[in-house]
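One structure is given below, encoded as structure tokens.
Since every read-out is calculated from the coordinates, none of them should be taken as a lab result. Bear in mind the structure is a predicted one, so any value in this text is a computation, not a measurement. As a convention, Cβ positions derive from the backbone with ideal geometry for all residues, glycine included, and neighbour counts pool all protein chains shown.
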Amino acid sequence: MTHRIPGKGLIDRTRPLRFSFDGREFEGFQGDTLASALLANGVQLVGRSFKYHRPRGVLTAGSEEPNALVEVIEGKQKTPNVRATVQELYGGLTVQSQNRWPSLRFDVMAVNDRFAPFLSAGFYYKTFMWPRAFWEKVYEPAIRRAAGLGALSGLHDEGRYEKAFAFCDVLVIGAGPTGLMAALVAGRAGADVILADEDARMGGRLLSDQPEVAGQSGPDWAADMLAELAAMPNVRLMTRTTVTGVYDGGTFGALQRVGLHLADPGDLPRECFWRIVAKRAVLATGALERPIAHPDNDRPGVMLASAVQSYVARYGVNPGRVVVFGNNDSALQAARDLTAQGVQVAGYVDPRADVSVLEEFPVYPGGQVVGTRGRLGLREVAVRHGGGVSMLTAETLALSGGWNPSLHLTCHLGGRPDWDERLAAFVPRAGMVAGMSVAGAARGRFSTAACLADGAALAAEVLADMGIAGHDMPLPAAEDRSYAIAPFWAVDAGGRAWLDFANDVTTKDVQQAAQEGFSSVEHMKRYTTQGMAPDQGKSSNVAALAVLADATGQGISATGTTTFRPPYTPVSIAAMGAGGRGMGFAPERLLTSDSQTRAMGAPMIEAGLWYRPSYFPRAGEATWREACDREVSMVRTAVGVCDVSTLGKIDVQGPDADRFLDLIYTNMMSSIKPGRTRYGLMLREDGHVMDDGTCARLGEAHFLITTTTAAAGPVMRHMDFVHQAFCGDWAVRFTSVTEQWAQFALAGPKARELVNKLLETPVDAENFPFMACGPARILGVEGRLFRISFSGEMGYEIAVPARFGAAVFERLVAEAEAMGGGAYGMEALNVLRIEKGFITHAEIHGRVTAFDIGMQGMVSAKKDCIGKSASQRPGLMGPEREQLVGLVPVDPQAELSAGAHLYNENDPATRVNNQGYVTSAGYSPTLQSWLALGFLRDGRARHGQIIRLDDGLRGRKVACKVVHPVFHDPEGGKLRG
Amino acid sequence: MADLSAREPCAGLGLPLTLGGCRLAALPVERITAIQPFPGKVAAVETVLRAQGLRFPAPGHSHEAGGARIVWAGRETAFLFGMAAPEGLSAHAALSDQSDGWAGLRLEGPDARAVLARLLPIDLRAGAFEPEACARAPLNHMQVLIRRAGEAAFDLFVYRSMAGTAVHELTDAMRAVAARQAAVR
């Protein structure tokens, strides 16, 4: 049976749409929301309540909906807690109700409702205090199963989301009569305007109440204005966009529903999270109607009066017989409007005794609704009036307890609203958000004419403030009815009267909170959970605090409100995190050798943002260890090639460059001769080691320093800080050249033979000795050559402009392979440097000093440097420190692991006995033994001792001999070549 | 012995590419020199540049003359594109070759600004970011040097190693914007 009024509404009846709800097929129309389509099909029951599993229907026609939350099904994906009043209908929309089992009409957990007397406010806190351990294991899981919202699918969300940035002069929030006028005035003046509205169609109450404006119907006038706005190049209309938060500096967060209303969104994102920066904002968010708490006011069929008007006028839904229960003039007007539209109003109930009775429907002055009947939908309304209690037959009960200006956004930066006795509502104070003007119903101006005028006036003010000349705009004529209200919050007639439908909070819960001492509104909120559901109490906050104020005897003004925080409506995390999944998580930095490396079958590992080869597998190698061992031996006996371009390279120039480097390095850099390189150590300001690397003097006033891969950014930042903070006037400039150069390490006894195959001018031990550097022509290209080594073997590093990187790598690998060598990866590089006792950030992890790593001698006594004095603080040098040592297992084949802790042989593995820890470990094919580096208390004095390595994670205990951290070629003969 | 083949930073990334009202292409590889005047030497640097019809750009600005461009690129830094550093400059400024460090991309078309609005948190409206304006800004999670090359054309320079990710990010945004335009039509 259809529940539509023929010909009525703004839906497109030429475009019927099939959809399903809980497996049943229904038909609606283009322009319907899920809620309007369900109501038009006579479906009143759409959900079960959070705690008591009470049957619930649609309460509102907007984003404030507390009841009608459903799950939208798309294939195997499920989006829970979708508001049926917001979800637009599309062909094939598949929806199911949530928080019920086995079905919506018969829900086993509705038994909770029978135990309601035991489940009132504070129930959890009182009941589940003891025994303590039961909370996590028993009570909480049971409660979570019984109470709740929708469920997730458990699958990854593969949907597309988007984030975006927008800038404007004037952001108008809300496109009802106020917002439209504000946008028109600002738009016509030439300002850059963004008009954002959360509805799919702009117009606000003009679409629902349909008042006459300038002699036209509300929707027609709105359409004309929107057409004019759409034609302005300086105006951007953003429908389906909810401004959800206000942030500093005129920044607003807004969630746009982009593809959620389409059967096939294609490449459209589901949602877009906008950050809008506006010089000025006009808040024209209107007002939200609030219900009245009376017994059984949560039965499906009980709605806000404004919602009934929307469903009738905008969606052509026939609500059946309607009883209107209100305490204000807007409620009476709703009853008149409904009657005028052919809806049968079975009665108008108003607690005010002096309300007009000369209406086309029965009026019950001084009346109250004291109950409702009907199992899963409203059938009868009990009205108490001067003549007793009457039962009125009705399918819909329309409630209006007055209007709350939608001032949420004005409070996001900490502002507090004022209580307006005349409106019985909170209204914004001036200046709650800098640059934001509040207009129209959002500041308590409720007639259409007042809204139109206010929107125009405030936009003109904003323009004047920005120095933009505005045009005079005649105000269109519209209704200008007055609004009177007699505060009335709850019917006192026994039974349960619901305040917060979403979290199942009744008037009794609030009263009980007050009795138990939770009389501050913030405490009441937390004790009863009122206002803490996804709707954030939009329909219940004011009534709840009025009931609280009544219970405590304080006025509403003194009671105050809870704090409105962003977001105004729920924002999916996926939208906020848009662009952060997959490749968007972090940029991938690829080496110039990347293609060839991957073609050689190397598994890649991440180093910072870089992708580096782990090892280069060869035929017959079954494990990474075999490849790694082979690569290490290759370097020790022939020659290996490794792409080291990821190391940070910073070009430092200027007459004061040497001074500057002396300041940031512990050792003296000003004494390096041009054409030479020196190893260097940097400290943080707190005296701990920051990074190490090489410093090459390319010219008198030209240096090139290297950093570790991971510290390239931090070192650059550190240098910038030191320069700006301490010596901004020094003639030194530096810039990153990491990406400019592709750099390759050639290591091994045959390194010189290999490098000479590429150099136009061959080098030897005399003309290019250890630690030499300089320009070099490499295969016809101007490059650089460095005689440095990170492997302990004779080593060269050649650098060429990045465009030649791929070609040079290819050539180097081919030549090396012909010499019995080849490419080596990070695993081998790690073993090589452990054998040699070279440190990486595994060792200089931020908590060690130069003393700890045995490099105190590198802190020059002849000069000052960043971190030097701090490194001399007590406790940073001495036998109490954990110092870098080498560890060799007594059984060479016993595996060692990084992260393990060190204990004296017979001590239990407890914190107080901890002697140190292992930072790096690997198997050395050169020494045929496992080796490790680590920090041991007073370690340098303990060489030769046996210590126990204890890896609690892997259950590993290995006796190790403490040795000097350089295992291989400690004299450095091979290194110097 | 000049037998090395050069590889362009955006080689193999499928450019140029047109999606909706937007085209993404690799910019030709040019000479890029970072110019960092020493303290008090901006005037001297200006004098040398003036002979080329250029001047040292103020923050957020760039200048073009005779096929060369000079673009503000950070604190006390400008990048000179399309010509070798003029004679005499090195006495007053640190110069470093950056030609191979950057991947240049051009995004142009009526939707270019909408595409960039998905990735860059800066105001690219004509009034706020005029032709020849430039900025260092984040492009999603990487940093970019952006310059407005025309009414609806933007040049983007990202670190060479990140070119693949940049093209991926831009392509994704282009696809989403194209889908929106299609939905409007």
Taking a crude spin-label model, label points 7 Å out from Cα along the C-beta direction, the residue A:481 to residue A:418 distance in nm is 2.7 nm
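Find the Rg to Rh ratio for the protein assembly as shown, where Rh is the Kirkwood radius over alpha-carbon pairs and Rg uses the same atoms.
Numbers: Rg = 36.8 Å, Rh = 34.7 Å.
Taking Rh as the inverse mean 1/r over Cα pairs, Rg/Rh reads 1.06.
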Taking a straight Cα-to-Cα line shorter than 13 Å from residue A:961, and setting aside same-chain aspartates and glutamates fewer than 8 residues away, one finds A:891, A:905
Computed for the protein assembly as shown: size of charge dipole around the Cα centre, +1 on C-beta of each Lys and Arg, -1 on C-beta of each Asp and Glu, debye to nearest 20, value 1560 debye
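Between residue A:583 and residue A:847, what is the FRET efficiency for a Förster distance of 41 Å, r being their Cβ-Cβ separation, to the nearest 0.05?
Working: r = 34 Å, r/R0 = 0.83.
Step by step, r from the Cβ atoms, then E = 0.75.
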Taking a straight Cα-to-Cα line shorter than 25 Å from residue A:137, and setting aside same-chain lysines fewer than 8 residues away, one finds A:51, A:126
So, with points 7 Å from each Cα along the Cβ direction, the residue A:810-residue A:227 label distance in nm works out to 6.4 nm
Mean separation of Cα contacts under 8 Å (at least 6 apart) over the residue count of chain A, i.e. the relative contact order in percent, is 9 percent
Taking Cα pairs closer than 8 Å and at least 6 residues apart, the relative contact order of the stretch A:443-577 in percent is 18 percent
Contour minus Cα-Cα span, residue A:105 to residue A:134, at 0.36 nm per residue, comes to 7.1 nm
Rounded to whole angstroms and listed largest first, the alpha-carbon spread of chain B along its three principal axes comes to 57, 49, 29
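Once fully extended, how much extra length lies between residue A:913 and residue A:724, figured as 0.36 nm per residue of separation less the alpha-carbon to alpha-carbon distance?
The span from residue A:913 to residue A:724 would gain 63.5 nm if fully extended.
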Partner shielding of A:779-789, as the mean number of partner chain Cβ atoms within 10 Å, equals 1
Cα-based Rg and Dmax for the stretch A:783-851, in Å, come out at 15.1, 45
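Going by a ≥ b ≥ c, the root eigenvalues of the Cα gyration tensor, does the stretch A:879-977 fall in the rounded group (a/c under 1.5), the prolate group (a/b larger than b/c) or the oblate group?
Values: a/c = 2.27, a/b = 1.46, b/c = 1.56.
Oblate shape, in that a/c is at least 1.5 and b/c is the bigger or equal ratio.
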Taking the convex hull of the alpha-carbon atoms of the stretch A:648-736 and averaging its shadow over every direction gives an area in square nanometres of 4.9 nm²
Once the in-chain neighbours fewer than 8 apart are removed, the lysines whose Cα is under 25 Å from residue A:862 read A:673
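Kindly work out what percent of the DSSP beta bridges joining two residues of chain A are antiparallel, to the nearest 5. Before the final figure, lay out the partial values.
Details: 135 of 181 bridges.
Roughly 75 percent of the beta bridges in chain A run antiparallel, per DSSP.
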Note: the stretch A:266-334, point scatterers on Cα, Debye, no solvent; log10 I/I(0) at q = 0.14, 0.19 Å⁻¹ equals -0.68, -0.87
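Taking a ≥ b ≥ c as the square roots of the eigenvalues of the Cα gyration tensor of the stretch A:291-401, is the shape rounded (a/c under 1.5), prolate (a/b larger than b/c) or oblate? Numbers along the way, then the final one.
Values: a/c = 1.59, a/b = 1.09, b/c = 1.45.
Since a/c reaches 1.5 but b/c is at least a/b, the shape of the stretch A:291-401 is classed as oblate.
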For the protein assembly as shown, whose charge dipole is built from +1 on Lys and Arg Cβ atoms and -1 on Asp and Glu Cβ atoms, the candidate among A:772, A:459, A:335 with its Cα farthest towards the positive end is A:772
Of the listed pairs A:649/A:868; A:279/A:538; A:863/A:974, those with alpha carbons more than 26 Å apart are A:279/A:538; A:863/A:974
Restricting to Cα pairs under 8 Å and 6 or more apart, the percent relative contact order of the stretch B:32-97 works out to 45 percent
Taking r as the C-beta separation of residue A:492 and residue A:573 and R0 as 51 Å, the FRET efficiency to the nearest 0.05 is 0.75
Full extension between residue A:756 and residue A:391 adds, at 0.36 nm per residue less the Cα distance, a length in nm of 121.0 nm
Partner shielding of A:651-661, as the mean number of partner chain Cβ atoms within 10 Å, equals 2
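Looking at the stretch B:99-185, what % of the alpha carbon pairs are farther apart than 16 Å? Don't skip to the answer; put the middle values down first.
Numbers: 1861 of 3741 pairs.
Every Cα pair in the stretch B:99-185 considered, those over 16 Å come to 50 percent.
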Taking a crude spin-label model, label points 7 Å out from Cα along the C-beta direction, the residue B:30 to residue A:894 distance in nm is 6.5 nm
Log10 I(q)/I(0) at q = 0.12, 0.13, 0.21, 0.24 Å⁻¹ for the stretch A:488-554, from Debye over equal alpha-carbon scatterers, is -0.24, -0.28, -0.75, -0.99
